[in-house]
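Read through the structure below, which is laid out as structure tokens, and then see the notes.
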Amino acid sequence: MTEPIKIDNTGEMIAAIPAMLSFVPSQSVVLVFLAGNRLSHIARMDFGEMDHPLVTAAIKRSNDTEGVYVIVVAENRTFHEVLDESERVIAMLLGAGADVWGSFYTPSIRGGETWTDLRGLFETGTVPDPAITEVGAATVLSGRTVARDRSELIARYRRKDSVTVTDRRRARAAKETMGEEFASSIIRELAELVSTRTTPDSALAARVGLLLTTDIHARDAILGLAVIDPNVASETMEAIASKLRTRERVAALTVAGFFAYVNFQGPAAGSAFTAAREEATQHPLCDTRMLGLLEQALTAGLHPTMIRKLAGTGVRIAREKFRVELPAPSGDWI
């Protein structure tokens, strides 16, 4: 089981925010919810956009939340604007029954930047370089990347290139020739790619896209890849989705978002789901049932450990239906 990382002071808490969000926020209000001395969850909105429904939804994401810190990150704002925004958000939190433990301001989350306590005597401190904190080191060791800003995170899920007509034709031919072994071979190949962190090519993307949209049991089995490494599984499916179109792209983005969700990367999951929904809007015949359920879970703040149960089910389906042995979920998986 991974040992918890201890955050000792305000500067370290602020420096940890990019790792928790998967991107470096700017012009933002970030709410850090705690259950005792443990992080419960985190929420972010654009500066000036936080409203009562959003605050209420953020509070309800966990039943064990005891307190919340408000972090305002905003360059090129007057101190009066920052203070007004902090007080506005605090008033909504208090009105919704939250216990506000503190409010802090920093122009940006960069090493050497100054943070200011907005609720006390305006004491100040220094934000350490996020890359060299214990949280930053753990992020690198886990293979996760932190986007420079939210736009970079969103860009990860854009379509970049496309499988060829030949790739699609060969995928269909393989499915007809291989029969039931088609799904098993792809699940095994994906498991190998995730285990070795190998980038999928267009030919595999075409086969995966076909499988995801023609075999719901195989799709559910693929969710079991999260047990190998949810971060690499998300990156792998993200790369596959970037090569696909229409309903195949929607299905791949949904699975990529699932992997990000169970890896405690809510903003990345939300970006994947948004990209999937945008694609589905252009192609109304897409099957979006799983996408809708995951969107609802993310919006409601369902904890990733609850969603992780689907990966355990996927491991079982892979073994029983497709004769593919994926690692059994470890004791600290759920």
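I'm trying to understand the selection: among the residues of the range 234-274, which are within 23 Å of GLY312 (Cα to Cα) and not in a helix (DSSP H, G or I)?
Those that are within 23 Å of GLY312 (Cα to Cα) and not in a helix (DSSP H, G or I): ASN263, PHE264, GLN265.
Looking only at the range 129-143, count every residue that is over 25 Å from ALA272 (Cα atoms), at pLDDT below 85 and not in a helix (DSSP H, G or I) and tell me the total.
Qualifying residue count for the region: 1.
Across the range 199-233, which residue is farthest from ASN263 (Cα to Cα) among those that are free of Cβ contacts under 8 Å to residues at least 40 places away in the same chain and not in a helix (DSSP H, G or I)?
Here the answer is THR214.
Out of ALA35, ALA58, ALA15, I need the residue that is buried (at least 18 other Cβ atoms within 10 Å of the Cβ), under 19 Å from HIS303 (Cβ atoms) and hydrophobic (A, V, I, L, M, F, W, C). Which one? Show your work before the answer.
Working: ALA35 fails: buried (at least 18 other Cβ atoms within 10 Å of the Cβ); ALA15 fails: under 19 Å from HIS303 (Cβ atoms).
Among ALA35, ALA58, ALA15, only ALA58 is buried (at least 18 other Cβ atoms within 10 Å of the Cβ), under 19 Å from HIS303 (Cβ atoms) and hydrophobic (A, V, I, L, M, F, W, C).
Looking at the range 276-306, which of its residues are farther than 15 Å from VAL255 by Cα and of a type in the set (Asp, Glu)?
Passing the criteria: only GLU278.
Looking only at the range 144-186, filter to residues that are under 23 Å from the mean Cα position of the chain (by Cα) and in a helix (DSSP H, G or I); which one of those is surrounded by the most Cβ atoms within 10 Å (Cβ to Cβ)?
Result: LEU153.
Counting residues that are without any contact (Cβ under 8 Å) to a residue 40 or more places away in the chain, which strands (runs of 3 or more DSSP E) fully inside the range 36-127 reach at least 3?
Details: elements: 38-46, 67-73, 100-106, 114-117, 124-126.
Result: 38-46, 100-106.
Can you tell me which residues in the range 83-106 are touching a Phe, Trp or Tyr at 6+ places or on another chain (Cβ under 9 Å), closer than 26 Å to ARG148 by Cβ and not acidic (Asp, Glu)?
As a first pass, look at the range 83-106 and keep what is touching a Phe, Trp or Tyr at 6+ places or on another chain (Cβ under 9 Å): 83, 85-86, 98, 100-106.
Adding the requirement that they be closer than 26 Å to ARG148 by Cβ leaves 85-86, 103-106.
If the condition is that a residue be touching a Phe, Trp or Tyr at 6+ places or on another chain (Cβ under 9 Å), closer than 26 Å to ARG148 by Cβ and not acidic (Asp, Glu), then SER86, SER103, PHE104, TYR105, THR106 are the ones that fit.
Considering only residues of the range 212-239 that are in contact with a Gly (Cβ under 7 Å, 6 or more places away or on another chain) and farther than 17 Å from LEU294 by Cα, which is modelled with the highest pLDDT? I'd like the intermediate steps shown before the answer.
First pass over the range 212-239, keeping only residues in contact with a Gly (Cβ under 7 Å, 6 or more places away or on another chain): 220-224, 231-232.
Checking which are farther than 17 Å from LEU294 by Cα leaves us with 231-232.
Numbers: ASN231: 90, VAL232: 93.
Taking the candidates together, the pick is VAL232.
Matching residues to (1) modelled with pLDDT of 95 or more; (2) part of a loop (DSSP other than H, G, I, E, B); (3) in the same structural domain as ASN231 (by TED's automatic domain parsing):
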{"residue": "LEU285", "(1), (2), (3)": "no, yes, yes"}
{"residue": "THR305", "(1), (2), (3)": "no, no, yes"}
{"residue": "ALA318", "(1), (2), (3)": "yes, no, yes"}
{"residue": "PRO329", "(1), (2), (3)": "no, yes, no"}
{"residue": "ILE334", "(1), (2), (3)": "no, yes, no"}
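Inside the range 246-261, can you point out the residues that are surrounded by fewer than 24 Cβ atoms within 10 Å (Cβ to Cβ) and more than 21 Å from PHE182 (Cα to Cα)?
Answer for the range 246-261, where residues must be surrounded by fewer than 24 Cβ atoms within 10 Å (Cβ to Cβ) and more than 21 Å from PHE182 (Cα to Cα): just THR246.
I need a count of the residues in the range 239-285 that are over 13 Å from the mean Cα position of the chain (by Cα) and within 22 Å of ALA203 (Cα to Cα).
Counting residues in the range 239-285 that are over 13 Å from the mean Cα position of the chain (by Cα) and within 22 Å of ALA203 (Cα to Cα) gives 16.
Please work out which one of (1) outside the structural domain of ALA252 (by TED's automatic domain parsing); (2) in contact with a Gly (Cβ under 8 Å, 6 or more places away or on another chain); (3) hydrophobic (A, V, I, L, M, F, W, C) is the condition VAL135 fails and give its number.
It is condition (2) that VAL135 fails.
How many residues are within 17 Å of ALA96 (Cβ to Cβ) and surrounded by fewer than 18 Cβ atoms within 10 Å (Cβ to Cβ) if we restrict to the range 46-55? Walk me through it before giving the result.
Residues of the range 46-55 that are within 17 Å of ALA96 (Cβ to Cβ), as a first pass: 49-55.
Next, from what is left, pick out any that are surrounded by fewer than 18 Cβ atoms within 10 Å (Cβ to Cβ): 49, 51-54.
Selection size over the range 46-55: 5.
Using the structure shown, decide if TRP101 is under 11 Å from ILE14 (Cα atoms) and either assigned by TED's automatic domain parsing to the domain that holds ALA19 or within 27 Å of the chain's Cα centre (by Cα) (or both). Before the answer, list the steps.
Details: under 11 Å from ILE14 (Cα atoms): no; either assigned by TED's automatic domain parsing to the domain that holds ALA19 or within 27 Å of the chain's Cα centre (by Cα) (or both): yes.
Here the answer is no, as TRP101 does not meet what is asked.
Restricting attention to the range 61-98, and to residues there that are of a type in the set (A, V, I, L, M) and over 26 Å from the mean Cα position of the chain (by Cα), which single residue is surrounded by the most Cβ atoms within 10 Å (Cβ to Cβ)?
VAL82
The values are calculated or read from the model by the stated rules, or taken from the named source; none is laboratory data. In this text, all values refer to a predicted model and were calculated from it rather than measured experimentally. Heads up, the Cβs are rebuilt from the backbone with ideal geometry, glycines too, and the neighbour counts pull from every protein chain shown.
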